[in-house]
Amino acid sequence: MKKIPIGTKSFSRLVEGNYYFVDKTLMIKEFLDRGTDVTLITRPRRFGKTINMSMMAEFFDITKDSKKIFNGTKIMETPYAAEINQYPTIFISFADAKRDKETVVSTIRTQIQNQWDKYDFVFENLKGFKKTNYERLYEVLADNNKNNLKGIDDAISFLMERMEDYYGKEVMVFIDEYDTPFVEAHTGGFYDEVRGGLAGLLHNSLKTSTSLKYAMLTGIQRVAKENIFSDLNNLDVYTVIDNDYSEYFGFSIEETKELLEYYDLELDEEVKEMYDGYKMGDKEIYNPWSILNYARRKVLVPYWVNTSANTMLKQAIEKADYDFKKQYEKLIKNNYLETRVVLQTSFYEVANTPNLWGMFVSAGYLTVTKSIDALNDQYRVEIPNKEIRKEFINLTEYYLALQTGQLNDVVYNLLQEDRDEFFDSYQNILMLPSYHDLNDENSYHMMMLGMCICLSNNYKVISNREEGKGRCDIIIQAKDEKKTSFVIEFKYFKEDKKDFEKALDKLSNEAIQQIKDRKYDYNLKGKVIYIGLARHGKDVMMKWIER
């Protein structure tokens with residue numbers, strides 16, 4: 001039985017280490033067929049970017065003999081088999097350039113140092129200014145006490161020149177997760193301190209270097225305004241909505257089915273509901289990280305956690321305008337949204353709603369299911385599956401200024417039909433200052449959004465819509481008639497009253513009577529629980545009646 005390659009970053013180790021291998025080598029053919037100077041592919045985290053970039057570098061690297069590794073793969077059945085190990089190659093990954101400034105800077109410097117060490121022989125017998133430039137750049141790179149990127153602008157492009165001189169061939173460059181340092185620096189508050197050196201490093205190697213054959217970069221999003229790609233005469237950017245390269249990142253339906261069957265599992269409806277739903281171009285794609293973890297543990301739970309994107313999305317939500325917040329609530333209620341989505345510019349460069357939705361899509365929180373008007377960036381986006389819905393619960397709690405787990409507590413206690421625990425968890429929300437930022441007419445707002453995001457897989461959540469003879473606050477209709485449905489009505493009053501407990505008791509009873517009189521449960525089958533919630537400030541009273 002082959003091992004499951006969770007977290008394996010090296011293509012050679014993947015193939016030689018008896019790991020399960022999904023052949024994506026025809027990506028090399030597509031890359032060479034296009035012959036584009038610089039290719040940028042944006043995909044969410046955990047979709048196989050690093051292993052694919054390792055594969056590309058392994059194939060082209062002139063210092064290696066990779067024929068054994070690629071023996072039997074699809075690329076070796078094409079005329080491009082002759083291109084194996086024919087080019088001086090630079091492979092750099094910024095995937096670990098995360099957390100604080102020191103780690104980001106250290107990771108970038110170490111990656112460059114490793115390439116200089118690998119090709120140290122190309123620096124032999126330098127003379128004149130070439131020797132002077134070498135000594136200057138070596139001194140900058142060797143000073144690991146420097147917590148900055150000053151002076152490294154030419155570190156890659158100079159190496160490329162020396163490699164071309166040595167081999168007489170232009171250089172292939174592969175940079176994995178190129179945008180991670182930009183994202184982490186922005187999230188961590190040290191963006192201005194690293195942007196200049198990093199942008200200069202990439203600009204000089206991709207734009208001004210005459211030693212470049214082809215380059216491929218991967219990342220979550222395009223960093224458009226840092227002068228990295230500006231004025232490039234031949235740049236191709238492929239996002240999640242493009243068909244080009246769409247089959248090479250993530251697992252297709254057939255690849256997923258074969259993998260699960262190999263490990264005695266089945267691609268049934270439960271697995272699809274949990275992990276399916278992504279669209280890359282017009283192809284249905286599964287997140288490989290989730291599928292591999294499920295194959296190993298055989299437990300149908302969420303495995304995909306995108307910490308960096310989660311932090312950045314939270315920061316972006318704080319800055320979002322009213323238009324975004326209105327659309328976000330529509331997305332949560334309906335599970336889809338038709339809106340303008342921009343994927344060509346990052347939100348932290350242009351902070352508007354279309355770019356923020358672009359970040360949600362690029363980061364893997366949403367998937368584009370329909371192009372409405374591509375010319376004007378109008379798309380339909382959806383939350384892909386149950387796994388990502390779990391991430392949206394965390395985002396929604398943050399959006400509503402709740403503590404982590406509070407939405408789950410309310411919903412769990414409700415579905416368990418635990419009256420007392422439900423009341424306590426709801427009352428805990430009332431104790432938060434953020435709850436009182438809402439208008440009185442929307443006092444049920446938090447619970448409604450929370451229930452929509454937590455329940456939509458097994459329940460239909462209806463809010464403020466005509467049912468029976470009036471407009472209900474919340475109806476939670478079980479899709480399975482054997483399960484209990486719920487009707488919730490809210491009442492509140494502002495004015496001070498000496499005997500407010502008596503007033504709350506009266507209001508909660510009125511809420512129950514309103515549910516009955518106006519027949520809010522008209523379309524509900526099976527068992528139904530009526531809940532009347534009356535509020536005055538932080539005080540609340542509840543009536544709980546079974547139909």
Which residues, counting only those in region 412-428, are open to solvent by 20 Å² or more (accessible area, probe 1.4 Å) and more than 31 Å from the chain's Cα centre (by Cα)? Gln416, Glu417, Asp418, Arg419, Asp420, Glu421, Phe423, Asp424, Gln427
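Would you pick out the residues in region 151-181 that are without any contact (Cβ under 8 Å) to a residue 60 or more places away in the chain and either closer than 19 Å to Asn204 by Cβ or within 21 Å of the chain's Cα centre (by Cα) (or both)?
Selection gives Gly151, Ile152, Asp153, Asp154, Ala155, Ser157, Phe158, Glu161, Arg162, Asp165.
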Considering every residue within region 370-383, establish whether at least one is modelled with pLDDT under 85, outside any helix (DSSP H, G or I) and surrounded by fewer than 19 Cβ atoms within 10 Å (Cβ to Cβ). no
Index of the failed condition, Leu232 passing every other in (1) modelled with pLDDT under 90; (2) under 22 Å from the mean Cα position of the chain (by Cα): (2)
Can you list the helices (runs of 4 or more DSSP H) lying wholly within region 14-98 that have 2 or more residues being under 20 Å from Tyr238 (Cβ atoms) and among the hydrophobic types (A, V, I, L, M, F, W, C)? 26-34, 49-60
For the subset of region 44-90 comprising residues that are of a type in the set (D, E, K, R) and crowded, with 20+ Cβ neighbours inside 10 Å, which member is farthest from Glu16 (Cα to Cα)? Arg45
Among (1) in contact (Cβ under 8 Å) with a residue 40 or more places away in the chain; (2) out of contact with any Pro (no Cβ under 8 Å at 6 or more places or on another chain); (3) among the aromatic types (Phe, Trp, Tyr); (4) open to solvent by less than 30 Å² (accessible area, probe 1.4 Å), which single condition is Phe94 missing? (2)
State yes or no: is Leu313 touching a Leu at 6+ places or on another chain (Cβ under 9 Å) and open to solvent by less than 70 Å² (accessible area, probe 1.4 Å)? yes
Conditions (1) surrounded by fewer than 20 Cβ atoms within 10 Å (Cβ to Cβ); (2) in contact with a helix residue (DSSP H, G or I) (Cβ under 9 Å, 6 or more places away or on another chain); (3) in a strand (DSSP E or B); (4) not aliphatic (A, V, I, L, M): number failed by Asp409: (3)
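The values are calculated or read from the model by the stated rules, or taken from the named source; none is laboratory data. Quick caveat: nothing in here was measured; it's all calculated off a predicted structure. As a convention, Cβ positions derive from the backbone with ideal geometry for all residues, glycine included, and neighbour counts pool all protein chains shown. Remember, those area values only see protein heavy atoms, side chains included, never the ligands or the DNA or RNA. Shrake-Rupley method; radii C 1.70, N 1.55, O 1.52, S 1.80 Å.
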